[in-house]
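The block underneath contains the structure these notes are about, expressed in structure tokens.
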Amino acid sequence: MYLGLDLGTGSAKVALYGEGGERVREASVAYAVTAPHPGWAESDPGEWWAALGHVTREVVGEDGGRVRALGLSGQMHGVVLCGEDGTPLRPAVLWADGRAASVLSIYRALPEDLRLTLRNPLTAGMTGPTLLWLREHGAEVYARARWALQPKDWLRLRLTGEARAEPSDASGTLLYDLEGDGWNTPVIEALGLRADLLAPLTRSRAVAGTLTPAAAAHLGLPPGLPVAAGAADTAAALLGTALPAGQVQLTVGTGAQLVVRSVALPEAREGLHVFRTAEDRGWYTLGAVQNAGLALEWARRTLRCGWEEFYALAQAAEPGSRGLLFLPYLTGDRTPHLDPHARGGWLGAGLEHGPEHLARAAFEGVALSIREALLLLPETERPGLRLAGGGSVHPWWRQLLADILGRPLEVVEVPGASVYGAALLARAAETGQTPEVEPPGTQETVEPRRDADWSDVAGRFSAAYEALRGWFSRGGGGN
């Protein structure tokens, strides 16, 4: 049996798989994301560790002795500053954190030839900018730190006692050379960052250590089990869903991701990211919509209703929500605007609007944000989008997405794709064989309705953001 551990933004998921890839058991447990100041997003790694111990024991049960290896996946871009043994020196700074917007000018001042080697837009919330901010505003902790690790790499240090990094997560740090496939030493030196904070790189499917006795006791497993290096959550999900090169996949969860995998290093495109896959050679282009399920959950809580009532309310309103718009940028925006200052909310409310219009406008706003990101992706041969993710299971929501995106949605069922990808990497590390996964069959294809024309609403949505952009940057959004 193989065990996958997925360290998500707001929860950890653990799943146990049999030799043939069949899922035996899985469970998840939530933990807190805190915002001690506007625009910040942090977590206590100690809560991650406690949560994983609890949920792993629950999943493994009496089968601990049958587990042959562990694999990891996790949220990208975050920073855990820690000591030699993994003891955190401060809360982890997460991908949704916008504080480093104030130091992006240091990146912009780099010579153009160095910036081009990053092949990624300059984004607050990524490791490099966060480290620049921590160097300026937490110099004592920065100086004491032995390691600056991505979340799942910190977890592996706690599991094995060894610090390692791997390409799929490292490529999302703004400290990586995509073409050279390694840490970008010239950029790191030009920024004046400590290169010794970055862990040595190893392959995603390599054994990156073995389970220590203390970690084994915490998880309810035998000591000495091999632990794969693992992968960033999106890269692990690409492995778990077996996405063919050249097809676009839309995953809707806390955020939404539009992904195109390629076998050659793609050209950089404004507003889009290029990262490494979990394969020994491979890349993907990513449109990262920062607020999807996160914004819908906020709107649902604000309207003080359960999910069933929230969907019912939204369906009671007519398309276009009587002109009401919802900007979903509660934590800023990455694709397409790259604006950490952007904020969300309803616009254009009048006496004619009720809770049903507020609910529907929230769904429409998230879909319109995804539509804007989709327009930036390179053209592909297949017009349909493969749709995955737990945030897109409701039939009405799927139809609204198809209508607003104007593309057929090929719905696939891959529960826990990231944690499954982590388990596949565990198997590859233990057996030395590259995992082979059959692409999932299409459950259904949701065609956009022919009478669905969202161009006018999309234009007003885009214009609303542009009208407010300067106000956001001056602190008008409250950040």
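The values are calculated or read from the model by the stated rules, or taken from the named source; none is laboratory data. Everything numeric in this text was worked out from a predicted model, so none of it was measured. Please note: Cβ atoms are built from the backbone with ideal geometry, for glycine as well, and neighbour counts cover all protein chains shown. Side chains are part of the model used for accessible areas, which takes the heavy atoms of the whole protein and leaves out ligands, DNA and RNA. Shrake-Rupley method; radii C 1.70, N 1.55, O 1.52, S 1.80 Å.
Looking at residue 265 and the list (1) touching a residue at least 24 places away in the same chain (Cβ under 8 Å); (2) surrounded by fewer than 21 Cβ atoms within 10 Å (Cβ to Cβ); (3) part of a helix (DSSP H, G or I), which single condition is not satisfied?
Among (1) touching a residue at least 24 places away in the same chain (Cβ under 8 Å); (2) surrounded by fewer than 21 Cβ atoms within 10 Å (Cβ to Cβ); (3) part of a helix (DSSP H, G or I), the lone unmet condition for residue 265 is (3).
Pick from 323, 365, 384: which is closer than 19 Å to residue 404 by Cα and in contact with a Ser or Thr (Cβ under 8 Å, 6 or more places away or on another chain)?
384
Any residue at all in the stretch 400-419 that's open to solvent by 20 Å² or more (accessible area, probe 1.4 Å), farther than 30 Å from residue 7 by Cβ and hydroxyl-bearing (Ser, Thr, Tyr)?
no
Of everything in the stretch 378-399, what is open to solvent by less than 60 Å² (accessible area, probe 1.4 Å) and in contact with a Lys or Arg (Cβ under 8 Å, 6 or more places away or on another chain)? Give them in sequence order. Don't jump to the end; show me each part of the working.
So the first thing to find is which residues in the stretch 378-399 are open to solvent by less than 60 Å² (accessible area, probe 1.4 Å), and the list is 378, 380, 384-389, 391-392, 394, 396-399.
Matches in the stretch 378-399: 378, 384, 385, 387, 392, 399.
Go through (1) crowded, with 19+ Cβ neighbours inside 10 Å; (2) at pLDDT below 95; (3) among the aromatic types (Phe, Trp, Tyr); (4) over 30 Å from residue 438 (Cα atoms) and name the single condition residue 40 misses.
Of (1) crowded, with 19+ Cβ neighbours inside 10 Å; (2) at pLDDT below 95; (3) among the aromatic types (Phe, Trp, Tyr); (4) over 30 Å from residue 438 (Cα atoms), only one is false for residue 40: (1).
Determine which member of the set 324, 347, 296 is touching a strand residue (DSSP E or B) at 6+ places or on another chain (Cβ under 7 Å), buried (at least 20 other Cβ atoms within 10 Å of the Cβ) and touching a residue at least 12 places away in the same chain (Cβ under 8 Å).
Numbers: 347 fails: buried (at least 20 other Cβ atoms within 10 Å of the Cβ); 296 fails: touching a strand residue (DSSP E or B) at 6+ places or on another chain (Cβ under 7 Å).
Result: 324 is the single residue among 324, 347, 296 that is touching a strand residue (DSSP E or B) at 6+ places or on another chain (Cβ under 7 Å), buried (at least 20 other Cβ atoms within 10 Å of the Cβ) and touching a residue at least 12 places away in the same chain (Cβ under 8 Å).
Among 449, 427, 398, 460, which is touching a residue at least 40 places away in the same chain (Cβ under 8 Å) and either in contact with a Pro (Cβ under 9 Å, 6 or more places away or on another chain) or on the phi > 0 side of the Ramachandran plot (or both)? Before the answer, list the steps.
Details: 449 fails: either in contact with a Pro (Cβ under 9 Å, 6 or more places away or on another chain) or on the phi > 0 side of the Ramachandran plot (or both); 398 fails: either in contact with a Pro (Cβ under 9 Å, 6 or more places away or on another chain) or on the phi > 0 side of the Ramachandran plot (or both); 460 fails: either in contact with a Pro (Cβ under 9 Å, 6 or more places away or on another chain) or on the phi > 0 side of the Ramachandran plot (or both).
Exactly one of 449, 427, 398, 460 is touching a residue at least 40 places away in the same chain (Cβ under 8 Å) and either in contact with a Pro (Cβ under 9 Å, 6 or more places away or on another chain) or on the phi > 0 side of the Ramachandran plot (or both), namely 427.
What pairs come out if I take residues in the stretch 16-35 that are farther than 30 Å from residue 438 by Cβ and modelled with pLDDT of 90 or more and pair them with residues that are in a strand (DSSP E or B) and of a type outside the set (Gly, Ala, Ser) whose C-beta lies under 6 Å away, six or more apart or interchain?
34/42
Within the stretch 177-187, does at least one residue satisfy the condition of being in a helix (DSSP H, G or I) and open to solvent by 30 Å² or more (accessible area, probe 1.4 Å)? Please lay out each step first, then the result.
Kept after step one, since they are in a helix (DSSP H, G or I), are these residues of the stretch 177-187: 185-187.
Next, only the ones that are open to solvent by 30 Å² or more (accessible area, probe 1.4 Å) stay: 185-186.
Taking every residue of the stretch 177-187 in turn, at least one turns out to be in a helix (DSSP H, G or I) and open to solvent by 30 Å² or more (accessible area, probe 1.4 Å).
Return the total of residues in the stretch 404-422 being assigned to a helix (DSSP H, G or I), within 18 Å of the chain's Cα centre (by Cα) and not polar (S, T, N, Q). Walk me through how you get there before you give the answer.
At the first step, the residues of the stretch 404-422 found to be assigned to a helix (DSSP H, G or I) are 404-405, 417-422.
From what's left, within 18 Å of the chain's Cα centre (by Cα): 417-422.
Of the ones still in play, those that are also not polar (S, T, N, Q) are 417, 419-422.
So the count comes out to 5.
For (1) charged (D, E, K, R); (2) open to solvent by 20 Å² or more (accessible area, probe 1.4 Å); (3) touching a residue at least 40 places away in the same chain (Cβ under 8 Å), each residue gets a yes or a no:
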site	(1), (2), (3)
333	yes, no, yes
351	no, yes, no
358	no, yes, yes
363	no, no, yes
368	no, no, yes
375	no, yes, no
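What number of residues in the stretch 299-321 are aromatic (Phe, Trp, Tyr) and either in contact with a Cys (Cβ under 8 Å, 6 or more places away or on another chain) or in contact (Cβ under 8 Å) with a residue 12 or more places away in the chain (or both)?
Qualifying residue count, the stretch 299-321: 2.
So, of the residues in the stretch 304-318 that are part of a loop (DSSP other than H, G, I, E, B) and surrounded by 16 or more Cβ atoms within 10 Å (Cβ to Cβ), which turns out to be nearest to the chain's Cα centre (by Cα)? Full working, then the answer.
First, the residues of the stretch 304-318 that are part of a loop (DSSP other than H, G, I, E, B): 304-306, 317-318.
Those still in the list that are surrounded by 16 or more Cβ atoms within 10 Å (Cβ to Cβ) too: 305, 317.
Details: 305: 27, 317: 31 Å.
Per the stated criteria, the residue is 305.
Checking the structure you have, find out if any residue of the stretch 48-60 is closer than 30 Å to residue 269 by Cα and open to solvent by less than 20 Å² (accessible area, probe 1.4 Å). Before the answer, list the steps.
Let us first name the residues in the stretch 48-60 that are closer than 30 Å to residue 269 by Cα, namely none.
No - not one qualifying residue is present in the stretch 48-60.
Inside the stretch 377-395, can you point out the residues that are among the β-branched types (Val, Ile, Thr) and touching a residue at least 40 places away in the same chain (Cβ under 8 Å)? Steps first, please.
Applying the first criterion (among the β-branched types (Val, Ile, Thr)) to the stretch 377-395 yields 380, 393.
Passing the criteria: only 380.
So which residues in the stretch 423-467 are part of a strand (DSSP E or B) and open to solvent by less than 60 Å² (accessible area, probe 1.4 Å)?
446
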